[in-house]
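First the structure, in the form of structure tokens, and then the observations on it.
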Amino acid sequence: MKLFLVKQLNNTLKVVYNSDHDKIKKLKLGEMYQCEVKRPRNIGFHRKFFALVNMVFDNQEIYVNLDRLRKDLTIEAGFYDEWVDFQGVIQREAKSISFAKMKESDFQDMYSKVIDVIVQYFHFDRQDIIDNVEQYF
């Protein structure tokens, strides 16, 4: 069971979402439970990344597949796994950006480098990208 908690001033933890209230009701009173504390990835920033990719997709004529664009941007930003196939050809696959597979700090680094890639290959102005992605987000 995963719960989202926030620390209060009195050093107690309080559940964040209504769904977490329902989950915590299932726990037995007086029982001891072990919890692993992790800081979750920022869902808003994750959505902002997809807004960025959508903005680029809507303003270019090269790609016909949004997911292929996302993967190519990720690879070009340096976030990929590489191997040599049976024919000796180097293959690259975009790293997963799922919450379970990428830390927040790595995601932030990738986001910044993806903007660099967009500027380099699509010749969009960096500040225009930053300003316009807010419209999509």
- prompt: Only one of these conditions is not met by E93: (1) surrounded by fewer than 14 Cβ atoms within 10 Å (Cβ to Cβ); (2) over 14 Å from E76 (Cα atoms). Which number is it?
  reply: (2)
message: I'd like to verify a number: residues in region 52-76 that are over 22 Å from E93 (Cβ atoms), without any contact (Cβ under 8 Å) to a residue 40 or more places away in the chain and not acidic (D, E), how many?
response: 0
message: Could you check region 1-58 and list, in sequence order, the residues that are among the β-branched types (V, I, T) and more than 30 Å from I130 (Cβ to Cβ)?
response: T12, V15, I24, V37
query: If you check F86, F99, F49, which single one turns out to be touching a residue at least 40 places away in the same chain (Cβ under 8 Å), in the same structural domain as I129 (by TED's automatic domain parsing) and over 28 Å from Q127 (Cβ atoms)?
result: F99
task: Please give the number of the condition N132 fails out of (1) at pLDDT below 95; (2) surrounded by 11 or more Cβ atoms within 10 Å (Cβ to Cβ); (3) over 14 Å from V56 (Cα atoms).
output: (3)
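Look through L5, L27, L9 and report the one residue that is of a type outside the set (V, I, T), surrounded by 10 or more Cβ atoms within 10 Å (Cβ to Cβ) and more than 26 Å from S98 (Cα to Cα).
Within the list L5, L27, L9, the selection yields L27.
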query: Restricting the search to region 61-82, which residues are in contact with a Phe, Trp or Tyr (Cβ under 9 Å, 6 or more places away or on another chain), assigned to a loop (DSSP other than H, G, I, E, B) and under 14 Å from V117 (Cα atoms)?
result: A77
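The values are calculated or read from the model by the stated rules, or taken from the named source; none is laboratory data. The structure displayed is predicted, hence computed values, not measured ones. Reconstructed Cβ throughout: ideal geometry from the backbone, glycine too, with neighbour counts over all protein chains shown.
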